[in-house]
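Notes follow the structure.
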Amino acid sequence: MRFTSERRLGDGVLEREFTLGEIPGILWTPGSAPAPLILLGHPGGLRRMYPRLAARARHSAAEGYAAATIELPGSGDRPRSPVAEEARAELRQALAAGRPAGDDIIDRLILPLVEKSVPEWRATLDALLALPGIGGPVGYAGGVISVGVRLAVVEPRIAAAVLFAGSFVPRAMFGEARQVTIPLHVLLQWDDEGNDRQRALDLFDAFGSKEKTLHANMGGHTGVPRFEGESGNRFFARHLR
């Protein structure tokens, strides 16, 4: 891990950009140490997502958590995947025509992303936990929800997860969802124009966790109420403290 920039934000949070091999990322740390770590998932495009990610990170830092995120494969300045680009174009065409997204499109778009990104998240976690002032337990918050599901299954250092049910889910992920046992807090926007609501509900039903909570709110994809941030903090306080 190599840090490429550093700046102190107005509320005392230290923001550092880094690279891990070819993977760019950002780490935010509060003044208190050691700090539990929350991994911030997102749908890709780190620069485009930065305002929302930074707001989430500063909100977490106010509660005493460090937060980190990385760019997804095929997003931002990283090399594009022709298969994913083709699937994404077909998905947009289907949605524009009012047709449901077919399983083949969803599989080609999401499954390779899960296979590539989860090892990168785990390598990043290795590097982050080796830094002074950052410790476990670790939480995961955000999407792509299939990435969160795979991480919850294969990464024992993740103790709890807040999952955003705002992305398409391959049917193959339902088998993995049954293997998830960590506490879950799932957010669903009821009127999300780009999501299959019933599949999101079925995925929640499939999770094997004994503690799982679903918060469904009215509104579109980007309309998550601000108070859900407080709900997520209370959830992590129960499991990361």
(Q) Relative contact order for the stretch 129-241: what percent, with Cα pairs under 8 Å and sequence separation of 6 or more? (A) 25 percent
Q) Projected onto the charge dipole of the chain (+1 at Lys/Arg Cβ, -1 at Asp/Glu Cβ, origin at the Cα centre), which of Gly194, Gly136, Ile26 gives the Cα projection farthest towards the positive end? A) Gly136
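With contacts defined as alpha carbon pairs under 8 Å and 6 or more residues apart, what's the relative contact order of the chain in percent? Don't skip to the answer; put the middle values down first.
On the way: 434 pairs, mean separation 37.6, N = 241.
Averaging sequence separation for qualifying contacts and normalising by length gives 16 percent for the chain.
Which loop trypsin sites (Lys or Arg not before Pro) in the stretch 58-137, with loop taken from DSSP, have no more than 11 other Cβ atoms within 10 angstrom of their Cβ? Walk me through the numbers before you get to the answer.
Numbers: sites: Arg58, Arg80, Arg88, Arg92, Arg108, Lys116, Arg122; in loops: Arg80.
Sites meeting the loop and neighbour criteria: Arg80.
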(Q) Connecting C-alpha atoms closer than 10 Å in a GNM of the chain, tell me which of Pro34, Pro73, Pro225 has the biggest fluctuation. (A) Pro225
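Can you tell me the order of 161-174, 40-53 when each peptide is scored by its average per-residue count of other Cβ atoms within 10 angstrom, highest first?
Numbers: 161-174: 21.8, 40-53: 17.2.
Per-residue Cβ counts within 10 Å, averaged per peptide and sorted highest first, yield 161-174, 40-53.
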Q: Find how many whole Å separate the alpha carbon centroid of the stretch 73-117 from the alpha carbon centroid of the stretch 188-209.
A: 19 Å
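Could you calculate, for the stretch 1-126, the ratio of the Cα radius of gyration to the Kirkwood radius, expressed as Rg to Rh?
Numbers: Rg = 16.8 Å, Rh = 16.0 Å.
Result for the stretch 1-126 is an Rg/Rh of 1.05.
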Q) If you bin the C-alpha pair distances of the chain every 10 Å from 0, what whole percents do you get? A) 7, 33, 38, 18, 3, 0
Q. Using θ = phi - 60° and the Karplus curve 6.51 cos²θ - 1.76 cosθ + 1.60, what whole-Hz ³J(HN,Hα) does each residue of the stretch 148-160 get, with Gly and Pro shown as x?
A. x, 4, 4, 4, 5, 7, 9, 10, x, 6, 7, 9, 6
(Q) Tell me whether the stretch 27-83 comes out rounded, prolate or oblate; compute the Cα gyration tensor, take square roots of the eigenvalues as a ≥ b ≥ c, and use a/c under 1.5 as the rounded threshold. (A) prolate
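Any idea what the relative contact order of the stretch 1-136 is, in percent, if you count C-alpha pairs under 8 Å spaced at least 6 apart?
The normalised contact order for the stretch 1-136 reaches 23 percent.
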Q | Candidates per GluC sites (Glu not before Pro) in the stretch 147-241, loop by DSSP, up to 10 other Cβ within 10 Å | A | Glu193
Q | Whole-Hz couplings from phi, Karplus 6.51/-1.76/1.60, listed for the stretch 188-205; x for Gly and Pro | A | 10, 8, 5, 10, 4, 5, x, 10, 8, 4, 5, 5, 4, 5, 5, 5, 4, 4
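Every number here is computed from the coordinates shown, using simple stated rules; none is lab data. Since this is a predicted model, take the numbers as computed values, not measurements. As a convention, Cβ positions derive from the backbone with ideal geometry for all residues, glycine included, and neighbour counts pool all protein chains shown.
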